[in-house]
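None of the figures in this text is laboratory data; all of them are computed from the coordinates on show. Everything quoted here is computed from the prediction, not taken from an experiment. Glycine also receives a Cβ, built like all others from the backbone with ideal geometry; neighbour counts cover every protein chain displayed.
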Amino acid sequence: MLGKKTVTFADDVRSDTSEEAFENLKKTNYAGKKLTDPVKEVEDKWQLLPAFLKVKGLVKQHIDSYNYFVETELKKIVRTNEMITSDVDPSFWLKYLDIRVGPPDRPDTDHEAHVNVFTPHECRLRDLTYSGNICVDIEYVRGKKRVVRKNTIIGKMPIMLRSSKCVLTDKSEAELAKMFECPLDPGGYFIIKGTEKVILIQEQLSKNRIIVEGDKKGLVQAYVTSSTHERKSKTYIVAKNDAKNDKITLKHNSISEEIPIVIVMKAMGIQSDKEISQLISGGNQIFLNMFSPNIEQCAKMKIFTQKQALDYIGSKVKVTRKIANVRRPMAEEALEVLSTVVLAHVPVKDLNFQPKCIYIAIMIRRVLMALANENLVDDRDYVGNKRLELAGSLLSLLFEDLFKKFNFDLKMNIDKLLKKPNRATEFDAHKQLMQHGDSITNGFVRAIATGNWTLKRFKMERAGITHVLSRLSYIAALGTMTRITSQYEKTRKVSGPRALQLCPADTPEGEACGLVKNLALMTHITTDDEEQPLRRLAFNLGIEDVNSLTGAELYRKNAYMVFLNGLMLGITCQPNNFVHDFRRLRRCGRISEFVSIYVNHHHNAVHIASDGGRVCRPLIIVENRIPKVTTKHIQKLKKDEMTFADFLAQGLVEYLDVNEENDSNIAIYEREIVNETTHLEIEPFTILGAVAGLIPYPHHNQSPRNTYQCAMGKQAIGAIAYNQLRRIDTLLYLMVYPQQPMVKTKTIELVGYDKLPAGQNAIVAVMSYSGYDIEDALVLNKASVDRGFGRCQVMRKHVALMKRYANGTYDRIGDPPAQVDCPTGPSADRFNILDSDGIAGVGERVMPGQVIVNRHTPTNLSANIPVNMPIVNAPVIQFTWKHSPLTYKAPEPGYIDKVCVTTTEQEQTLIKILIRQTRIPELGDKFSSRHGQKGVCGIIVPQEDMPFADSGICPDIIMNPHGFPSRMTVGKMIELLAGKAGVLKGELQYGTAFGGSKVEDMSKILIKHGYSYSGKDYVTSGITGEPLSAYIFFGPVYYQKLKHMVVDKMHARARGPRAVLTRQPTEGRSRDGGLRLGEMERDCLVGYGASMLLMERLMISSDQFDVHVCEQCGLLGYKGWCQNCKSSKFMVTMQMPYAAKLLFQELQSMNIAPRLILEEF
Amino acid sequence: MDLFSPANKPEIRIQELTGERIRFILTNTDLSMANALRRIMISEVATIAIDMVQFDLNTSVLADEFIAHRLGLIPLDSTEADKIKYPRDCNCSGACKECSVELNLHVKCTEEDTTKDVTSKDLVSHDPRFTPITEGPKDAGILIAKLRKGQEIKVKCIAKKGVAKEHAKWSPCAAVAFEYDPFNKLRHTHYWIEEDEKKEWPQSKNANDDFPPLDDEIFDFTAKPNRFYFEIETIGSMKPEDIVMNAFKKLLEKISSIQMGLHSNDVPINGREPTRDVF
């Protein structure tokens, strides 16, 4: 723009000296703007973000992927497996015409209540699975007629919340509230047997792409993981780069040894050496020289024709086929393997091997290039070489497997029935179909509930695919939804995510660091897209077909190979024009916005990608240094006249995946736009994810602090969802008075953290106080605690299931006993809180050990007692019950918050009781600010002892200043400053990453209100009344209470339970266990020589036992009798650990006689 | 300084007095006395606050403890708190009229579309002297909970006399500002500055009432503070001047008990001989 203006106003400038001309130039006005004015920013372009999130949502990746699966992929799978025929009756067939997934459906439909909608919340409460029927339309032969049946149910499909099949989609807040659902809940998870399960995003290497890698020994290999619906296989082209063996070979699982590459080429029909060398070197002398030994080797092996090559390969092919089949000639075997198994994704039609040959040639060339220049290997950690697998693709794998198994079973059953010579009724396949109901349903439920994806067909066995949705806090739930886990080797350490699509801060510490990642805010993950139209389009744009190419053309100067999803289409000589045209068509909306195209100049290739699992994000298009999005557009967006889709449709914004991003020149701000710029960032803070987005001023913090906060934000207690009080979760932490942070970020508003916050704005004084604040301990103000600071409620679920047993008996609830056996005993008030129905009453205070459900279990579970027999003629059978009450075991008393009585799918009564504790902060409770600065409460000080500012304000928390220098959390200081300014001015401040309220402005506000610009205050000691000699950094900081609380952890024991086998004290707090004096502690005592102490700790306080030993034979005996010596003469008594006695006896049982030789001591 | 000479009697000059705040200058006394006064005002002036809540019915969304906590923090008019006994001084076993006030709260929402606010105005006190405070007739009261149609709260509250040492709900004051020497003539503090102290540090409002230092004033290292600026903001349960007066009373009580202790060395304490005499 600058350049243009210079030309336009050149006429106005009529000065002689150039300096003067320049001065004049600076003064020139155009539409009220000076030439030297900075490039105008597009106002509020961050408004695109909420617009994006409105259509895409926070977890749209999951939902899109699931929708794609349910609506498109499902039908595709059925179409490829549509026919079932019978081996017995050739006239029989069954064909699937269509498949669809119905709306969520209650399993017990005969239930009275089935008139109302089946909501997700009912599933949570009743431990049901949120699923809908899978209905198929079938056409089959019955007798001699063709019958069409519609809407046959073959199983149930778990439904993802907020997907197109879910009842919550497109509902208003009021409607959601009626269904007890939180409008802020992002959805994207499943409810399986009452638990919320997330299918995590799985990361893996790209399928169907060539990856070249080298190792330290000089071995270079190119490999492709081919993946089609039928087959998954891995093909290697290996070059061992050492003096003895510099040949290139092909390696594949179905071939028993490595095959020289030239033989493979010959087997595929390229018999002339010249042709081969041309395909690989393309006339390049260097590559020709490198490759020639291979040709020579082939000649030495005397393989010249295709037949010879095929015979050679055929002898190496592993035959997996059953012996029953007729053995085919080896050459045919080889041909079959080469066409369908090796590089399975490259199609071979009518034995036209041309595309596959060229594909192999390219792989060889890539290997040669890497041999010549070791920088040309691919980076396996590069995000562009990775694909993210989402719920949809994982479910489709699972469904395909289950559906095939279902069909196979069906076929077997049909065959079995058709084999019967005479049937009473006409054979109806529909009935058979109905009988196979559960295998698909159970397959889904089992896989999602356990997280084990076992697909025998692909030899796939993956564990830990699903996670329970963490409902510790709202942020924790969001965090699980955006989490990415890596599928391959856990040993690979990656130095953190490197693409802008992944959050740079949010990764766990320790083992999984860098392997588990999180998506950034604006990331989108693509789903598969049709290839055929793209292929046609590419040819229309002037590509030379791959089938008509020889090596000479392939490597012609300026020739660029064009790939579509890793498959070569052909070549073009004008790659830039081609790419430009292609992009223009995409911006017009002629092809999907998620198709990416980019040029790789190293390989002279243009890559078009339309496959699923690529991460991409939207950017503003810049043309001729002008961003296409203008303030006008944003204003329209604000007025709701435009949506994000319009921005895409009008070609103002487009999605770029990682590879295309690398081919673009992206400016972060308008002022950075130069001639080469192609795109403009929407907002820089979108590089962070939802969890890291909570941190104010993260760009001022030392980076690991942000990572720590990402882990801790998920443990903060706060509001969980609007339906939090309707939920009966195993463990629910709620804050009594949560507050939205004084210093928020744009991300906070976008994800709704201001509506479901987890923390409170505490007035913090950064000073040392009392010595109870060392090592990050915090000093709390007692008055603040009294007034509700850090107060939280902990709710725990207790479940009693009224079981039905196989013999017809069942559990029952008894009313509380009228009188207790021992009215003065310790358990006298055990039944006190029970209502007359035998369940504890709501609002009652529960003491440890009290009964909350007075359940009775039948004593006889094996004998067949016909309970349901008509009473009239039934023999009077007395069946007795025993007590099996549900008792409250926690050490602290609680209150009954809710009681839920319902039935499960199996018609068993389910009683859920929620017990609540209200917890006040105490010594040792953990708190944290939003900057990875955690600390425990070290002391609670009365208000009069607290220091106070001149206005009389006492801090809620005193934090030790030693927390700052080494942590370098400058963001926290700025948060305090901005928070203080916000409080004084009466408005919220922003601490958005790479932006936010400026320190200078904050200082100005402070000064305006009579405070020091530095945020420091004059503070008086509450104890002496004298002012502190130093000035104190004083103001509000958002503090989170973390779930680690002392009451859950403290434990001590004097006497208590012992393990049955060893008679040693039990282990662990939950079992009231002892505190172990471990080996290292024992070593200390041994070294010190405290033998009596050792004796006491290790034996007397543990498992001391009196044994009777026979001095003669040295074996253990009875009291006063040795069974071995048949004598009572030599028996003595001694003490030893019971575990030692046990050892001796176990040794004896193994025919080893441990003899004790006793001496006077 | 001789505290007991008639010339050096402590003096109070009230600067400002409104319904909820008082500003005064205390002179002619020691820092320790002034600070003691401040501490007592915060933590030891007795007020009345709800201490026990008996829930007969609570179908609101809030938990019982939650509501009880909120009820406890509602300021009750405590002007006549001295007319009532501390529970520990009362002879009754639980709560009686001598040592407690009963308040009742019974609200049910019958409105169709809106929620009903339960406020401190719904609290019915059995003793007209101790009621939840209001700021005039327009005051909506302090929000306790919101009820939806059909929800109901019925509780019996027992308010007792207490001090903020035990729980902050008994504190009569919100903030107590306390300062002396606004010009830092005594150099008890060190201003943190980058360049210029006067430019960078705003003056406190008490500076208007103090004597600004002369430019060539010599630092008197023997000087003791004796002008103390107080500002007390109440939470409404007591008049600000009452808080100060009650605090003085309490302070006097404390001082006299110390004096008694000092002068009665030979008198047995709690029926025991002083330990000093053992040897």
Legend entry - For the stretch B:105-115, 3J(HN,Hα) per residue [Karplus equation, 6.51 cos²θ - 1.76 cosθ + 1.60, θ = phi - 60°, Hz, x = Gly/Pro]: 9, 9, 10, 10, 8, 10, 5, 7, 9, 10, 8
Inset, instruction - Rounded to the nearest 0.05, what FRET efficiency do B:D82 and A:S836 give with R0 = 45 Å and r taken as the Cβ-Cβ distance? Could you check? - result: 0.40
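Sum up the charges of everything whose Cβ sits under 12 Å from the Cβ of B:T114, counting Lys and Arg as +1 and Asp and Glu as -1, but leave B:T114 out. List each step's numbers first, then the result.
Numbers: positive: B:K116, B:K146, B:R148, B:K149; negative: B:E111, B:E112, B:D113, B:D117.
Taking every other residue near B:T114 into account, the sum is 0.
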Inset, instruction - Considering Cα pairs under 8 angstrom that are at least six residues apart, work out the relative contact order of the stretch A:573-668 and quote it in whole percent. - result: 32 percent
Inset, instruction - May I ask for the angle, rounded to the nearest 10°, between helix B:240-263 and the longest principal axis of chain B, with both axes built from Cα atoms and the value confined to 0 to 90°? - result: 60 degrees
Legend entry - GNM result for chain B, Cα springs below 10 Å: residue of B:M260, B:M245, B:M33 fluctuating most strongly: B:M260
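Using alpha carbon coordinates only, what is the Rg to Rh ratio of the protein assembly as shown, with Rh defined as the Kirkwood radius? If you can, show how the numbers build up before the last one.
On the way: Rg = 40.8 Å, Rh = 39.5 Å.
Ratio of gyration radius to Kirkwood radius: 1.03.
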Inset, instruction - Would you work out which of A:L519, A:A777, A:I1023 lies farthest towards the positive end of the dipole of the protein assembly as shown? Charges go on Cβ: Lys and Arg +1, Asp and Glu -1. - result: A:L519
Legend entry - Listed residues B:A81, B:I243, B:L26: farthest to the positive end of the dipole of chain B (Cβ charges): B:A81
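Sort the stretch A:525-684 into rounded, prolate or oblate with this rule: let a ≥ b ≥ c be the square roots of the eigenvalues of the Cα gyration tensor; rounded if a/c is under 1.5, and if a/c is not under 1.5, prolate when a/b is larger than b/c, oblate otherwise.
prolate
If we count other beta carbons within 10 Å of each Cβ, what is the order of A:I440, A:I261, A:I957, fewest first? Mind showing how you got there, number by number?
On the way: A:I440 21, A:I261 27, A:I957 24.
If I rank by nearby Cβ atoms, fewest first, I get A:I440, A:I957, A:I261.
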Inset, instruction - Using per-residue counts of other Cβ atoms within 10 Å, averaged over each peptide, order A:971-984, B:193-206 from highest down. - result: A:971-984, B:193-206
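Calculate the dipole size of the stretch A:1038-1156 relative to its Cα centre from +1 charges on Lys and Arg beta carbons and -1 charges on Asp and Glu beta carbons; express the result in debye to the nearest 20.
Details: 17 positive and 11 negative charges, 78 e Å.
Rounded to the nearest 20 debye, it is 380 debye.
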Inset, instruction - Please give the contour-minus-distance gain from A:L205 to A:T228: 0.36 nm per residue of separation, less the Cα-Cα distance, rounded to one decimal in nm. - result: 6.8 nm
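What do the square roots of 5 times the Cα gyration tensor eigenvalues come to for the stretch A:502-586, in whole Å, largest first, as semi-axes of the equivalent ellipsoid?
Taking √(5λ) for each eigenvalue gives 37, 16, 12 Å, largest first.
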Inset, instruction - Could you sort out which of B:K121/B:K239; A:K197/A:K416; A:K178/A:K972; A:K1043/B:K85 sit more than 31 Å apart by Cα distance in this structure? - result: A:K197/A:K416; A:K178/A:K972; A:K1043/B:K85
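At a Förster radius of 56 Å, what calculated FRET efficiency corresponds to the Cβ-Cβ distance of A:S1128 and A:V468, to the nearest 0.05? Could the numbers behind the result be given before it?
On the way: r = 63 Å, r/R0 = 1.12.
The formula returns an efficiency of 0.35 here.
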Inset, instruction - Work out from phi, with θ = phi - 60° and the Karplus expression 6.51 cos²θ - 1.76 cosθ + 1.60, the ³J(HN,Hα) of each residue of the stretch A:96-106, listed in order in whole Hz, and give x for Gly and Pro. - result: 7, 8, 7, 9, 8, 10, x, x, x, 9, 5
Inset, instruction - May I ask which residue of A:H962, A:S768, A:I571 lies farthest towards the positive end of the charge dipole of chain A, with charges of +1 (Lys, Arg) and -1 (Asp, Glu) on Cβ and the Cα centre as origin? - result: A:I571
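Calculate, in nm to one decimal, what A:I153 and A:T72 gain on full extension: separation in residues at 0.36 nm each, minus their alpha carbon distance.
Working: separation 81, 0.36 × 81 = 29.16 nm, distance 1.87 nm.
Result: 27.3 nm gained on full extension.
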Inset, instruction - Quote the charge dipole size of chain A about the Cα centre in Debye, to the nearest 20; the model charges only the Cβ of Lys and Arg (+1) and of Asp and Glu (-1). - result: 2820 debye
Inset, instruction - Quickly work out the A:A512-to-A:D98 label distance, labels modelled 7 Å from Cα along the C-beta direction, and quote it in nm with one decimal. - result: 4.2 nm
Inset, instruction - Subtract the Cα-Cα distance of A:R584 and A:K54 from 0.36 nm times their separation in residues, and report this length gain in nm to one decimal. - result: 188.2 nm
Legend entry - Built amide H within the under 5 Å cut-off of A:Q850, gap 5+: A:Y888
Legend entry - Fraction in percent of alpha-carbon pairs per bin - 5 Å, chain B: 1, 5, 9, 12, 12, 12, 11, 10, 9, 7, 6, 4, 2, 1, 0, 0, 0
Legend entry - Inter-label distance, nm, simple model (7 Å from Cα along the C-beta direction), A:A1090/B:I218: 6.5 nm
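How would A:F406, A:F685, B:F248 line up from fewest to most surrounding beta-carbon atoms within 10 angstrom?
Numbers: A:F406 21, A:F685 25, B:F248 15.
Listed from fewest to most nearby Cβ atoms, that is B:F248, A:F406, A:F685.
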Inset, instruction - Output ³J(HN,Hα) for the stretch A:330-337: one whole-Hz value per residue in order, computed from phi by the Karplus curve 6.51 cos²θ - 1.76 cosθ + 1.60 with θ = phi - 60°, and x for Gly and Pro. - result: 4, 4, 5, 4, 5, 4, 4, 4
Legend entry - Lys, Arg +1 and Asp, Glu -1 on Cβ, resulting dipole of the stretch A:512-590 about Cα centre, debye, nearest 20: 360 debye
Inset, instruction - Could I have the simple spin-label model distance between A:S862 and A:A174, label points 7 Å from Cα toward Cβ, reported in nm to one decimal? - result: 6.3 nm
Legend entry - Residue-averaged beta-carbon neighbours from other chains (10 angstrom radius) around A:1020-1033: 5
Legend entry - Cβ-derived FRET efficiency at R0 41 Å, A:T887 paired with B:T110, nearest 0.05: 0.50
Legend entry - the stretch A:194-215 residues near the modelled A:N600 label - backbone nitrogen below 16 Å, point 7 Å along Cα→Cβ: A:205-214
Legend entry - Fewest-first sequence of A:V899, A:V622 by Cβ atoms within 10 Å of each Cβ: A:V899, A:V622
Legend entry - Hypothetical label at A:E1081: residues of the stretch A:1091-1112 whose amide nitrogen lies under 16 Å (7 Å Cα-Cβ projection): A:1091-1103
